[in-house]
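Right, one structure below, let's go through it.
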Amino acid sequence: MSGEESVLLQAFQSGLQDIFNFDANDHIPQHFLCNVLAPAMSAMTYGNNSKVTKAICEEYGESSNEIELSKSILYAFSDFIFNIPTARSLRLHSEISSGNGRQYQYIFSRLHPYFKLLYHFPSWFDGALHSAEIMYQFPNVAIPLTSQDEDLKTSFMKYWTNFAKTGDVNEEGLPQWNEYDILNEYYINLDVEITSGQHLYEDRVNFWLKEIPAMLQTEIQINTTDAIRNKAPSGKTVKIITTVLMLTLAVSVWKQ
């Protein structure tokens with residue numbers, strides 16, 4: 001999804017932003033990233049490593065433009081919870097399948113007008129919503145679709161049913177969806193205009209999977225449960241956002 005970070009925006013609008021004294025409709029301040037979000041991520045996965053906290057703050061908090069900074073802070077959240085675990089999983093499966101399995105990567109970027117009415121997100125937020133593709137996979141007759149949305153729905157359902165039937169998503173008449181492999185890292189962007197590309201979020205993926213491990217000079221083994229049990233955050237604010245991160249992860253897994 002191109003807007004997985006909408007989950008954090010919903011948490012802000014449900015009262016989280018009041019705890020930290022800002023209004024996400026205006027912008028998300030850098031101090032939330034550097035003093036709350038980055039330490040929570042470090043506590044969850046990297047044993048409260050201060051170098052990791054500083055690196056996350058610098059990677060996602062460098063923009064001087066408030067809107068671009070706000071988007072970048074949301075990317076930090078969605079990368080940590082969704083995008084980087086996905087990249088790790090794809091690479092792992094690609095390595096161990098040895099040609100006996102197929103992996104396909106996608107992002108879903110269509111924001112249906114219905115969601116714009118249902119959720120009052122900041123005007124600067126331009127991503128799709130978390131789980132927005134479900135209405136295209138399992139259409140709801142109560143929500144009208146434009147002709148463009150109908151075409152996207154048809155393509156979406158064909159890709160999924162083809163994979164279930166044959167292990168190959170493609171068929172004649174559909175935009176080509178290349179299989180993911182470690183070298184090329186192909187992906188498809190499902191929107192009213194379906195496009196494709198390679199190396200999704202490459203710089204951000206490299207930050208988490210190459211730069212941080214290199215900084216620590218060790219292979220990072222993610223074990224969220226042990227990290228929290230053995231290295232609990234020390235500050236109240238870090239504990240709050242860690243809880244939010246954990247609940248978000250749990251809900252995401254539950255919805256799969």
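Brief remarks follow.
- Of the cross-linked pairs 71/210; 51/116; 71/158, those separated by over 28 Å at the C-alpha level are 51/116; 71/158.
- Among 52-60, 18-26, the peptide with the highest mean count of other Cβ atoms within 10 Å heads the list, and the full ranking is 52-60, 18-26.
- Amide hydrogen neighbours beyond the local backbone of residue 105, cut-off 5 Å, H modeled: 180, 188
- In this label model, residue 66 and residue 31 are separated by 1.5 nm, measuring between points 7 Å along each Cα→Cβ vector.
- Taking a straight line from the alpha carbon of residue 165, these aspartates and glutamates sit under 18 Å away, with near neighbours fewer than eight places off in the same chain left out: 179.
- With 0.36 nm allotted per residue and the present C-alpha distance subtracted, the residue 181-residue 23 stretch has 52.7 nm of extension available.
- Anisotropy class of segment 112-170 from Cα gyration tensor, a/c 1.5 cut: prolate
- Model label sites at residue 160 and residue 14, defined 7 Å from Cα along the beta-carbon direction, differ in position by 2.4 nm.
No lab work stands behind these numbers, since they all come straight from the coordinates. Here the structure is a predicted model, which is why all the values come from computation and not from measurement. Neighbour counts run over all protein chains shown; Cβ positions are idealised from the backbone, glycine included.
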